[in-house]
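Shown next, in structure tokens, is the structure this report addresses.
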Amino acid sequence: MTVSALTRPGERDRPIVKFSEIDWAFCLFLCLIAGIGAMMMYSAAPQSWLPWAAPHLIRFGVFFVIMIVLAMVDLRVWFSVAYIVYGVALVLLVGVEAFGYVAKGAQRWLDIGPIRIQPSEIMKIGVVLALARFYHGLSGDHARFSWWLLVPAAMIGAPALLVAVQPDLGTAILIVATGVAMMVLAGLSLRLIVAGIVALMVAAPLAFEFLLHDYQRNRVFTFLHPEKDPSGEGYHILQSKIALGSGGLLGKGFGLGSQSQLNFLPEKHTDFMFATLAEEFGFVGCFSVLFLYGAIIFMALRIASTSHSHFGRLGASGVTATFALYVLINGAMVMGLAPVVGVPMPLLSYGGTVMLTVMIGFGLVQSVRVHRYSEVTAGRGALL
Amino acid sequence: MSEPSIFFSEVNERQGVFTRRAFLMGGLTGLGLVALGGQLVHLQLVEANRYAKLAESNKFNFRLVPPPRGLILDRNGVTLASNRPNFRLLVARDGGMDVETTVAELSNLVPIDDKRRIRLVKDIKRAPKRSPVSVMEDMTWEEFSRVNVRAPELPGVTADMGEVRVYPHGGAFAHVIGYVAKVNDKDVKAAGANPDPLLYNPGFRIGRQGIEKAFDLQLRGKPGAQKQEVDAKGRVVRQDPRGDIAPTPGKEIRLTIDVDVQERALEVFGEQSGAAVVMDCRTGDLLCLLSAPSFDANRFVRGLTVPEYKALNEYERRPLLDKALSGTYPPGSTFKTMVALAALESGMITPQDRYVCGGAWWFGGRYFHCWKKDGHGAQNMHDAIKNSCDIYFYQVALKIGPDRIASVAGPFGIGQTFDIGITGQMAGTLPSTDWVKKHRPSDPKWYPGESPSYGIGQGLLNVNPLQLCVMTARLANGRKALNPRLVKSIGGVEQPRGSEAPDLPFSPEHIAIVREGMAAVANDVSGGAYRQSQLGLGPIKMAGKTGTAQVRSYDKVASRKSSSVGWKLKDHNWFVAFAPYDNPRYALSLLVEHGGGSGATEAAPRAREIMRTVLLKDPELRSLIEQPMPMPDVDPGADTEGAAPDLPDAAPPPPPGAPT
């Protein structure tokens, strides 16, 4: 197919063309990470496809298909459902507050028939879509500094507050950070950014003192002084560091990590999956996986910056920001650089919800790539 | 593209800002990833060794392997204390285990009554997590295998084979060897800041008395370790035999005691209470150190019940007291040997000097009686010892005074304690003018009236049976101030011999005169214990001296006979002896506590039996007694297979002339 063919009007709407426009290298990297994750789950089970490795692979397969399908969905469709997704997620979040299922002392789930939804995960996509759509219709000047900025602030603040009171501080921070990243990308005034950073530095200690739950505060204390309580709260961090460090350069070998095999490593298949990997495959394994993550983030950002529409740019970069935050926060936590927060390593860790969020997000990213030349119409008025 | 796209003039500007900032965001993310990479380098490359060690220490646990306790053997290698296998049932509290259910389950497998069950549940709950509590000791093989089969489904339950101390000779060695018992808080405290981890091992027993206590550290050995791979819950996943450290067994202790002599000694006491000590009067080795009645030390290993202990403790013949070392008694007439020697040494009395015995002697406003109412007539020293004439020794003692007696008796061991390795010796009292000054401050003067009693081994004088044996051995040796030795070797290292001692500062001729007197006691038909001292061992004869020590005043009683009074008021009966009398090898002292007879009737026959055993165990002496047996010619090649199948495991007695 020649370039001239692709420039023909309507040519890019053909499904086969769309399919070929998907970034398959990107997809391969996703598969690699999920595959490595499944491999480690097999090792940690120990040496068994159940209970983690097989469901992880099956789930990834299903979500991969969903991602491909979503990649073919016209960016204008994404644009038109943006507020609806956001609205539904917001309603569900309120619903969780009202009828939520109490799990682990926090209301995070909503049972609808056989499936259990975590609205905060939908909201991660919802916020990205809604912000992208809003900024799409906002002039650069307004995006820089104007009263209009109260709208995205509210769009971020409302769900973040609802998630924070669940309490799921990790997700709330993720939503706020993603939203703020998008505001910055959309052209937020540098002065405002600096002011925000200053305000954050002032507010953080106060928030730590007055807003955090005890268990959250303890996690921070534990992070700062893990050696004080090696068998209690500090246990997770210490054991994770031992798993990583004892892996050395080449690791202990597949299925031979004592920290994970003998269960010294807590949550070895979910939040601390990276430590399991680190123990058995060492620095080489860790570095390779981090490289894959870096590559995915880089590719996604490239897709964002090549989009012709502002909606596409912001949507793709928003998803990338979420993904990058996942990776950095989990990595820092596992390596003892951050307190223990319930943030998994996306695609590597076991767990359906986060994988679903990430794969839907990447569906949007791929859609942005497939439709990078399409112009997205503005709706009616600035807001819509 | 049917709908017109919106097209703002600043679209390109928005795109420019986005691209710049996306670049920035990518850079920040990259920076974050580099930071993570840096931490990876730090953890996995720089500090890898440290974390590898931590992972190892997570993964491996060392289980203490208790060392076998050192054996205690007699002089010929017969086992006096050893260890036998003990099938134990242990329960260690584990996370999430239900103690009640587990113990209830176990009571279906092994007999545990309700009372014990309640006690166990309490004990297990109180014990630190994962430290095992002994539920049952000495299970039968059936019980052991039954528990072992079920153990995998009962978390925290293990059945293992430990070792338990066993004393095959029961009571004969209870006082010398002592026993081992459970460790208590005091033992742990006494172990100091860094107690031996063995103390916390559930099967471990600590030495409580005698040799077991005195040489506990040597007998204990050093624990080994078993390397085990454990999971996060502490459950054993794998054993790693290459990582095992073998325990160092406790040292073997060989005593100088001869098991046959010791057992014979216990036997001859029967129901009576007392002590017997036998010493080699050339080397100082103690062949017998016995206190009767005794008790079964094996009961103490298991742990005595309160009524059991009470019964032992309250019995008037005090089986728990080691009378040979810790009991002090007036030596009675056995002490006349010392008085006689002191008299000779003083030069104030010659052997020929005579005192007339009329049955009583008036001194200080009262009569001093002789044991023989009718009196002995005129007595020289030889006769006075042979007849044990009290009147003679009253007057001699009065003449030479207490200090001369003490200055002779002291070097002979009276009033002394000896380093025989075990504790518990009571020095008794060797009175002198100095002694009363120091120990009787309310009445520091020595009264002349005290001397006559001193002369017959009464009054303030108090000795223990070991001292009397040492005295006899030194008399018999005649030259060396022999020291008793109880421990022959520790872990194969020979201990200093008792013959490595200074010479006695007394004239051998004088000592020989005393010895002659003692020989006459046993061998002169008119001697005090002639009938009771006949060994019946051909040419080998014994020399001895009887003693009857009163424990009550005879002043106001019609009869001196003990038959009419309670046990606690009866006289003590002594006999000290050595044999052969012409070439002394063994010395003996024997006490029958409150025997109620005389030294000749109660003590001498028992002493004779023990002495016979001792002499017959000496191959050199035995060859003197036994006529050489005509041996049939034996074909040396034939039947060597079963040459001596029934011989006991004990080492053969040392060849004649070999150092012992």
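The values are calculated or read from the model by the stated rules, or taken from the named source; none is laboratory data. Quick caveat, the model's predicted, so the values are computed rather than measured. Cβ: placed from backbone, ideal geometry, glycine included. Neighbour counts: every protein chain shown.
Which number in (1) under 17 Å from B:Ile422 (Cβ atoms); (2) in a strand (DSSP E or B) marks the one condition that B:Ser294 misses?
(2)
Going by the conditions given, is B:Asp419 touching a residue at least 24 places away in the same chain (Cβ under 8 Å), assigned to a helix (DSSP H, G or I) and of a type in the set (Asp, Glu)?
So B:Asp419 does not fit the description; no.
Return yes when B:Gly26 is over 23 Å from A:Gly245 (Cα atoms), without any contact (Cβ under 8 Å) to a residue 40 or more places away in the chain, surrounded by 14 or more Cβ atoms within 10 Å (Cβ to Cβ) and within 8 Å of chain A (Cβ to nearest Cβ) and no when it is not.
For B:Gly26, the condition - over 23 Å from A:Gly245 (Cα atoms), without any contact (Cβ under 8 Å) to a residue 40 or more places away in the chain, surrounded by 14 or more Cβ atoms within 10 Å (Cβ to Cβ) and within 8 Å of chain A (Cβ to nearest Cβ) - is met.
Filter the stretch B:205-222 for residues that are crowded, with 20+ Cβ neighbours inside 10 Å and out of contact with any Lys or Arg (no Cβ under 9 Å at 6 or more places or on another chain) and give the result. It would help to see each step written out before you state the result.
Applying the first criterion (crowded, with 20+ Cβ neighbours inside 10 Å) to the stretch B:205-222 yields B:205-207, B:209-212, B:214-215, B:219-220.
Passing the criteria: B:Gln209, B:Gly210, B:Ile211, B:Ala214.
Scan the stretch A:300-319 for residues that are touching a helix residue (DSSP H, G or I) at 6+ places or on another chain (Cβ under 6 Å) and more than 8 Å from chain B (Cβ to nearest Cβ) and jot them down.
Correct list: A:Ala300, A:Ile303, A:Ser307, A:Phe311, A:Gly312, A:Gly315, A:Ala316, A:Gly318, A:Val319.
Which numbered condition trips up A:Leu262, out of (1) without any contact (Cβ under 8 Å) to a residue 40 or more places away in the chain; (2) within 25 Å of A:Gly170 (Cβ to Cβ); (3) surrounded by fewer than 22 Cβ atoms within 10 Å (Cβ to Cβ)?
It is condition (2) that A:Leu262 fails.
Which number in (1) touching a strand residue (DSSP E or B) at 6+ places or on another chain (Cβ under 9 Å); (2) modelled with pLDDT of 80 or more marks the one condition that B:Asp649 misses?
(2)
Could you list, ordered by first residue, the pairs with Cβ atoms under 6 Å in which the first is in the stretch A:19-38 and not assigned by TED's automatic domain parsing to the domain that holds A:Val327 and the second is among the polar types (S, T, N, Q) and surrounded by 17 or more Cβ atoms within 10 Å (Cβ to Cβ), at least 6 apart or interchain?
A:Ile22/A:Gln366
Residues being free of Cβ contacts under 8 Å to residues at least 12 places away in the same chain and β-branched (Val, Ile, Thr): count how many of those fall in the stretch B:309-349.
Count: 0.
Quick check on B:Ala292: is it touching a residue at least 60 places away in the same chain (Cβ under 8 Å) and closer than 30 Å to B:Arg608 by Cβ?
Values: touching a residue at least 60 places away in the same chain (Cβ under 8 Å): no; closer than 30 Å to B:Arg608 by Cβ: yes.
In short, no.
Specify which of the listed residues (B:Val436, B:Val396, B:Val356, B:Val339) is among the aliphatic types (A, V, I, L, M), outside any loop (DSSP other than H, G, I, E, B) and over 21 Å from B:Gly527 (Cβ atoms). Lay out the reasoning, then the answer.
On the way: B:Val396 fails: over 21 Å from B:Gly527 (Cβ atoms); B:Val356 fails: over 21 Å from B:Gly527 (Cβ atoms); B:Val339 fails: over 21 Å from B:Gly527 (Cβ atoms).
Just one listed residue meets the conditions, B:Val436.
Test B:Ser453 against the criterion of being hydroxyl-bearing (Ser, Thr, Tyr), surrounded by 17 or more Cβ atoms within 10 Å (Cβ to Cβ) and either outside any helix (DSSP H, G or I) or over 22 Å from the mean Cα position of the chain (by Cα) (or both), and give yes or no.
So B:Ser453 passes the test.
Identify the residue in the stretch B:50-96 that is in a loop (DSSP other than H, G, I, E, B) and among the small types (Gly, Ala, Ser) and, among all such residues, is nearest to the other protein chains (Cβ to nearest Cβ).
Once the filter is applied, the top-ranked residue is B:Gly95.
Limited to the stretch A:162-207, what total is found for residues that are under 18 Å from the mean Cα position of the chain (by Cα), farther than 19 Å from A:Gly318 by Cβ and free of Cβ contacts under 8 Å to residues at least 60 places away in the same chain?
1
Being buried (at least 17 other Cβ atoms within 10 Å of the Cβ) and free of Cβ contacts under 8 Å to residues at least 24 places away in the same chain is the requirement here; does B:Val133 meet it?
Here the answer is no, as B:Val133 does not meet what is asked.
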